[in-house]
Every structure is written in structure tokens, then in C-alpha cells.
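The values are calculated or read from the model by the stated rules, or taken from the named source; none is laboratory data. Quick caveat: nothing in here was measured; it's all calculated off a predicted structure. In this analysis, Cβ positions are derived from the backbone assuming ideal geometry, glycine residues included, and neighbour counts consider all displayed protein chains.
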Amino acid sequence: MKIDSTIFRAYDIRGIVNKTLTPEVVEKIGQAIGTEARARGESTLLIARDGRISGPLLLAALSKGIIKSGCNAINLGAMPSPVLYFATHVLKTHSGVMVTGSHNPPEYNGIKVVLKGVTLVEDEIKALYDRIVNNELDIGVGEESHSEIIDQYIKNILNHIKLNKKLKIVIDCGNGIGGAVAPQLFKALGCDVTELFSEVDGHFPNHPADPSVEANMQDLINKVKKVGADVGLAFDGDVDRLGVVTNKGDIIWPDRYLILFAEDVLSRNPGATVVYDVKCTRHLREEILRHGGKPVMSRTGHSFIKAKMQETGALLGGEMSGHVFFKERWYGFDDGIYAGVRLLEILAKRTKTLAEIFDAIPTSINTPELKLPIDDDKKFAFMDRFMKDAKFSGGTLTTLDGLRVDYPDGWGLIRPSNTTPYLILRFEAKNKIELKRIQDLFRQELIKLDDGLELPF
């Protein structure tokens, strides 16, 4: 059986169902994960899936492979990724495997792996592929059992989060698996909840479950305005990311609401470390310092953020795509629902509206994440050439993840996506003139390499 090596990505496994990701492939991957777990001293793995159509079939294949390795599998069923992560902290095993395509189109699915509390990344994920290719796979007889965890997850949050006042909220689950948890939790918190697309439907009939794209937030914006809500919350397909809309219907991008979270955490933990990715606004670093914290920049990717947080002992982490990680009062994994709860907790303590709160937080003119289409098998080579050949005189270069160029009045970034066939760009500046200047510099250097590129700016 031939397995496409490209599905083994930087921080997860992801492919097209019945093409690069078949049940047979997933079974082999399950056997490889089970083998690796046994090598690390684990004998039991928690498994779960999101709401995609292919989920039940692939979860069954995963379980079959794990059992074949001699490991046991505890099947938790359909749930958000963060609920599986929660389970690895409160049940007897610290290892789990999530079948999820996250925010990708319906034809995709994938696998995220946590072993002994560590999310597998890069070489560790590639090692699973090598195990399969080299047939270095354990053979044994494990068992599958079933368990429930969602009620415990909800109860745990309710035990330590109380809202000072009743809030009117709109939640957009985007037909993802969040619909199985989020409405129940927010109602239990005492919120007046208006639901959008809470029905779990792996076809995603209303809009893609990706709150990082402005177009996907329009239904939420319109509903917040229509019902006069205090805040709108949106979740991606497996609910590890959060989108936010103010009472006025303005999108607050994650690097801005991270400023608010940092301020809140640092008020109780002076000197704490906050981790953020290369795509975030420079105001985040400035505000972390202003509130007495230690800012640490990381590569983009939920696994890299988690790893950097563990390395530095950070109490908060986040990235521009909407992954937020609370180690203070929580477990340190990315959880869109919990991040939404923490936002409501802050809002419920304030007399100002959410729009007024963010009006007081520094901002600049910036772009969302801009996507430049490029073939998966070409993007890293192109990025290497760009970093080697591009000239940005007068700028401060950061090569932590792609190339970020900072100037006194703004910055630009280009990096390869680890999950999709795109180069990702973002720009920020104090005014439109400076923003255009930085974009023109990037445009000039990109066209030098390939004048046929479809530039998104």
C-alpha cells in the first residue's frame, strides 16, 4: 500500500478522504501511533472525531490500527478537539488522537496526536510515516472501550467561571462539532443565547467553518446587529479557534483580543510570559511589556505555540488564526469555547461595551491573512528562494517562520501555510501610505521571482 508522504504535515496529518486519506491509510497510521505510544510507555489512547461525514469511518479505522498495535483505545465519540485534549488531562491516560479536518473543506479530514501530554510536530509526525514505510510496527491485541466526557468538560468550566451579569450573545458554530457543546455551555453560564448553524453537518451548507476569513463572519455580524447582542462568537470546525464580533458588528481579530486576554492574565500574574505567533500585531508585544509581562514570539502553528509555552512556562499563548491557549486556570491547550468563556468573563466585569473596550486598545491599519495560491509541492522551495534573494533595505528581518520585515512604522510578513496550498501574507502600518509602501516592497520582490503570481494585495 502506497501512502502519500505529503499528508504528514508540520503539526498534524491531513489529506483528501478516499484519495490521500483512505480507511486503509488511517488504519496504518493508527498502528504507527499505537507503536509510538507503546515506545513511550503508554498502553491506552483516547480517540475522538469531529462532525465530518467521513469521521465515523475513519475513527473506526484508526481504532482498528491502534488495537492492532497492542494498544487499547477509549472511544469518546464525536466532540470538539479541545474536549479530547481536556480528557487527556482528567482521565487516566495523557495521550489522545483526534480525527478532524479542522477548518478545511468537507472533502478533507485529518489526525492530531498528543502522546504523554505532548503534541506531535514535524519530525515526530514524519517518524510515523517512516514507521509505516519501514514496517516498524508493533503487532498485538488491544481492546476498544467507550466513555463519555462532554458533561465533565462543561461542569469543570462552570465550576470556576461565573459571569457577573447576564450577557446577550450570538454563537455561530458553522455547522461544526461545536454545536454539540457550545449552546449548552453558554446557556448554563446564564447567557441569553442566539444560535447560528448549531446543527452538526459535515457538508458545511451555510459557510466554511473558518472564522479567520472575513466573509465567513458576515452572518454573525448581521445577527449581532439584528438582535442587539453584547458580543458574537464564532468557532471553526473542530472548535479549537475563536472568532469575535463586537456589539457594533466589528470583527476583532485574534491578535487584538489577545491583548485583552494578556492584560487580564497579567493583572493576576505580574511578570508572566505570553507567547504569540509571527503574524500578530506589534501592539501585542508593546502591551504585554506595558502590563509587566514577557512577550515571546513563536512560529505559527498550534503545536509550536504549545511547545513554546511548555518551554517558557507561559500562562497564555495565541496566534492570529484564533488558537488561544490558557495555562492560567486551565490546562494550556487551544480551546475556542473556553477562550469565548474567558472573554465573556472579562466583559461581564466591565461597565463598557465590548466595542468601547477595544476602542481603548491600540491598533493600526492592517490586513487580514492574505492567501497567495501556490502548489503544495512548490511553496517551501519558493519560500527558500524568496528569503535568499529578496532585499528589504532598512528593515529588521525575522526568519523564525517565513520572513517578517519590521520597519519603524509597520511590517510585512510572508510564510508558507503548513496546511493549505498557499503562501500567507499580512501587513500592518500606522497609516495607509506606509502600508502601501511596505506592500509595494513585497510586491516588487515577489514579481522578481515570478511575474505570473496572483497577488492578493
Quick check on region 306-319. Is at least one of its residues buried (at least 18 other Cβ atoms within 10 Å of the Cβ), at pLDDT 95 or above and β-branched (Val, Ile, Thr)? no
Checking residue 298 against (1) assigned by TED's automatic domain parsing to the domain that holds residue 172; (2) over 30 Å from residue 169 (Cα atoms); (3) of a type in the set (S, T, N, Q); (4) surrounded by fewer than 23 Cβ atoms within 10 Å (Cβ to Cβ), only one condition comes out false. Which one? (4)
Taking the residues in region 210-225 that are among the polar types (S, T, N, Q) and surrounded by 18 or more Cβ atoms within 10 Å (Cβ to Cβ) as candidates, determine which candidate is nearest to residue 100 (Cα to Cα). 212
Considering every residue within region 43-57, establish whether at least one is in the same structural domain as residue 137 (by TED's automatic domain parsing), in contact (Cβ under 8 Å) with a residue 12 or more places away in the chain, among the acidic types (Asp, Glu) and under 21 Å from residue 131 (Cα atoms). no
Taking only pairs six or more apart or across chains, which ones have beta-carbon atoms under 9 Å, a first residue in region 86-112 that is under 16 Å from residue 148 (Cβ atoms), and a second residue that is at pLDDT below 95 and polar (S, T, N, Q)? 87/93
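What do you reckon, is residue 375 within 29 Å of residue 122 (Cα to Cα) and of a type in the set (Asp, Glu)?
Judged against the criteria, residue 375 is a match.
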Among the residues of region 263-278, the number that are in contact (Cβ under 8 Å) with a residue 60 or more places away in the chain and either assigned to a helix (DSSP H, G or I) or surrounded by fewer than 24 Cβ atoms within 10 Å (Cβ to Cβ) (or both) is 4
Qualifying positions in region 132-186 - among the aliphatic types (A, V, I, L, M), over 28 Å from residue 66 (Cβ atoms) and surrounded by 15 or more Cβ atoms within 10 Å (Cβ to Cβ): 157, 161, 163, 167, 169, 170, 171, 182, 185
Please pick out the residue among 95, 43, 69 that is out of contact with any helix residue (DSSP H, G or I) (no Cβ under 7 Å at 6 or more places or on another chain) and polar (S, T, N, Q). 43
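Considering only residues of region 42-56 that are outside any strand (DSSP E or B) and of a type in the set (D, E, K, R), which is farthest from residue 68 (Cα to Cα)?
Restricting to residues being outside any strand (DSSP E or B) and of a type in the set (D, E, K, R), the top hit is 52.
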Close pairs from region 380-392: first within 22 Å of residue 420 (Cβ to Cβ), partner surrounded by fewer than 11 Cβ atoms within 10 Å (Cβ to Cβ), Cβ under 8 Å, at least 6 apart: 387/399
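Would you confirm whether or not region 230-253 contains a residue that is of a type in the set (A, V, I, L, M) and at pLDDT below 95? Write out each step before concluding.
Our first condition is that a residue be of a type in the set (A, V, I, L, M); within region 230-253, this holds for 231, 233-234, 239, 242, 244-245, 251-252.
Of the ones still in play, those that are also at pLDDT below 95 are none.
Within region 230-253, not a single residue is of a type in the set (A, V, I, L, M) and at pLDDT below 95.
Return yes or no: is residue 340 in contact with a helix residue (DSSP H, G or I) (Cβ under 7 Å, 6 or more places away or on another chain), touching a residue at least 40 places away in the same chain (Cβ under 8 Å), in the same structural domain as residue 282 (by TED's automatic domain parsing) and buried (at least 24 other Cβ atoms within 10 Å of the Cβ)?
So residue 340 does not fit the description; no.
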Please pick out the residue among 380, 358 that is surrounded by 14 or more Cβ atoms within 10 Å (Cβ to Cβ) and outside the structural domain of residue 120 (by TED's automatic domain parsing). 358
Mind listing just one residue for me: the one in region 320-337 that is surrounded by fewer than 24 Cβ atoms within 10 Å (Cβ to Cβ) and among the aromatic types (Phe, Trp, Tyr) and, of those, farthest from residue 247 (Cα to Cα)? 331
